[in-house]
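*Asks:* Sharing a structure, written as structure tokens. Questions coming.
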């Protein structure tokens, strides 16, 4: 197996690496592929414990960064980079500056494959949408030094969203007075399905590293083994572009055309 392949996930918050891309990070890390996580914020405005009382953004941010690094270690991630943007304000960051920061890491790491959120931000979260847009801009900017071979959105079909909803109930984001709900991608639109079943317990351990968020995630522990396997072992993607392959045949490997 080639030893030089590299995968980069560009994400918005601590826990995105486990909930969103944990299966492929654990699978490919176990295979010896270089895995990297770039996270835009420290999730300073997230939950801290079951009381719902925050000790302040600085303390929450430090705790969530530590959780991110512990989860990344569980997943076998080679490097975690934090961009120092504020939680819930990523869509107000200077877009040229943010895209250039991400581009700098693309030039340095030279990933073959990049993963990020879909344009809907999974359930309309502004930070998720912003990081999706910024990642695309960064890939264009970094092309002066390094051309990314493949870009994917990590997405969820109806079956996977059903498993999530069984744990989280209805996932929504209220923005400018409008309620945004989770968007399931049609099965026919899913270009790539990666089997990460062998590593799903690793992903679940990584999720549990995010202790400040477990008041939200506690219902995950009560899911059936089948739902757990679907959530952590079935990784679904939309291939945004590829310089090395194409066509309607569904992929089973993010590095198809590169090995």
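The values are calculated or read from the model by the stated rules, or taken from the named source; none is laboratory data. As the structure is a computational prediction, the values presented were derived from the model and not from experiment. Cβ atoms come from the backbone with ideal geometry, glycine included; neighbour counts cover every protein chain shown.
*Asks:* Working carefully through the options 82, 115, find the one that is in a strand (DSSP E or B), surrounded by fewer than 18 Cβ atoms within 10 Å (Cβ to Cβ) and either free of Cβ contacts under 8 Å to residues at least 40 places away in the same chain or touching a strand residue (DSSP E or B) at 6+ places or on another chain (Cβ under 6 Å) (or both).
*Replies:* 82
*Asks:* What tally of residues in the range 131-141 results from selecting those that are under 19 Å from residue 255 (Cβ atoms) and either part of a strand (DSSP E or B) or without any contact (Cβ under 8 Å) to a residue 40 or more places away in the chain (or both)?
*Replies:* Going through the range 131-141 one residue at a time, the tally reaches 1.
*Asks:* Going through the range 85-99 one residue at a time, which ones are part of a helix (DSSP H, G or I) and surrounded by fewer than 16 Cβ atoms within 10 Å (Cβ to Cβ)?
*Replies:* Hits for the range 85-99 are 92, 95, 96, 97.
*Asks:* Okay, next question. Only one of (1) closer than 25 Å to residue 144 by Cα; (2) surrounded by 16 or more Cβ atoms within 10 Å (Cβ to Cβ) is not met by residue 60, so which one is it?
*Replies:* All conditions are met except number (1).
*Asks:* While we're here: Can you pull out every residue in the range 70-79 that is free of Cβ contacts under 8 Å to residues at least 24 places away in the same chain and under 15 Å from the mean Cα position of the chain (by Cα)?
*Replies:* Listed by number, the list is empty, since nothing qualifies.
*Asks:* Identify the single condition in (1) out of contact with any strand residue (DSSP E or B) (no Cβ under 9 Å at 6 or more places or on another chain); (2) in contact (Cβ under 8 Å) with a residue 24 or more places away in the chain; (3) part of a helix (DSSP H, G or I); (4) closer than 22 Å to residue 9 by Cα that residue 145 does not satisfy, given that it satisfies every other one.
*Replies:* (3)
*Asks:* Can you tell me how many residues within the range 150-177 are crowded, with 18+ Cβ neighbours inside 10 Å and outside any strand (DSSP E or B)?
*Replies:* Selection size over the range 150-177: 7.
*Asks:* For the range 2-10, state whether one or more residues are assigned to a loop (DSSP other than H, G, I, E, B), in contact (Cβ under 8 Å) with a residue 60 or more places away in the chain and buried (at least 23 other Cβ atoms within 10 Å of the Cβ).
*Replies:* So far as the range 2-10 goes, no, none of its residues is assigned to a loop (DSSP other than H, G, I, E, B), in contact (Cβ under 8 Å) with a residue 60 or more places away in the chain and buried (at least 23 other Cβ atoms within 10 Å of the Cβ).
*Asks:* Give the residue that is nearest to the chain's Cα centre (by Cα), with candidates limited to residues of the range 34-69 that are under 21 Å from residue 102 (Cβ atoms) and assigned to a helix (DSSP H, G or I).
*Replies:* 68
*Asks:* Looking at residue 72, is it surrounded by fewer than 24 Cβ atoms within 10 Å (Cβ to Cβ), part of a helix (DSSP H, G or I) and modelled with pLDDT of 95 or more?
*Replies:* For residue 72, the condition - surrounded by fewer than 24 Cβ atoms within 10 Å (Cβ to Cβ), part of a helix (DSSP H, G or I) and modelled with pLDDT of 95 or more - is not met.
*Asks:* Please give the number of the condition residue 14 fails out of (1) farther than 22 Å from residue 66 by Cα; (2) part of a loop (DSSP other than H, G, I, E, B).
*Replies:* Of the numbered conditions (1) farther than 22 Å from residue 66 by Cα; (2) part of a loop (DSSP other than H, G, I, E, B), the odd one out for residue 14 is (1).
*Asks:* In addition: Are there strands (runs of 3 or more DSSP E) fully within the range 178-254 with at least 2 residues that are at pLDDT 95 or above and closer than 21 Å to residue 72 by Cα? List them.
*Replies:* 192-195, 234-242
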